[in-house]
Amino acid sequence: MSVAKNIEVSSTSTKSFEDAIQKGVAEVTKTVKNVQGAWVKEQKVGINDGKINTYHVVMIVSFVIDGSADMS
């Protein structure tokens, strides 16, 4: 049996939403094993002088908990 856990992650880019997502996933996978997927919960942009200057995403990242460790 597998057990999954979800964490909320926030990431920002000056290029695009896609870049913000890629950066967020890259950071999470540096320290979290068994990442299985992500759901983009929120997207928003920062605007300065009438132009978009930042892309911000909030995502829920799912990963499978390694159940091989003996907990007894």
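Computed per residue of the chain from DSSP H runs no shorter than four, each worth -39500 (n - 2.57), the mean residue ellipticity at 222 nm is -7000 deg cm²/dmol.
A Förster radius of 22 Å, combined with the Cβ-Cβ distance separating E42 from Q22, puts the computed FRET efficiency at roughly 0.85. Taking region 1-63, how many lysine pairs are there with alpha carbons less than 26 Å apart, if each pair must be eight or more places apart or span two chains? Pairs that pass both the separation and distance tests number 18. Helix 17-31 and the longest principal axis of the C-alpha atoms of the chain enclose an angle of approximately 30°.
Under the criterion of Cα pairs below 8 Å and six or more residues apart, the relative contact order for the chain equals 44 percent.
The numbers here are math on the coordinates, done by the rules we state, and not lab data. Bear in mind that the values here come from a model prediction, so they are computed numbers and not experimental data. Virtual Cβ from ideal backbone geometry, glycine too; neighbours counted across all protein chains shown.
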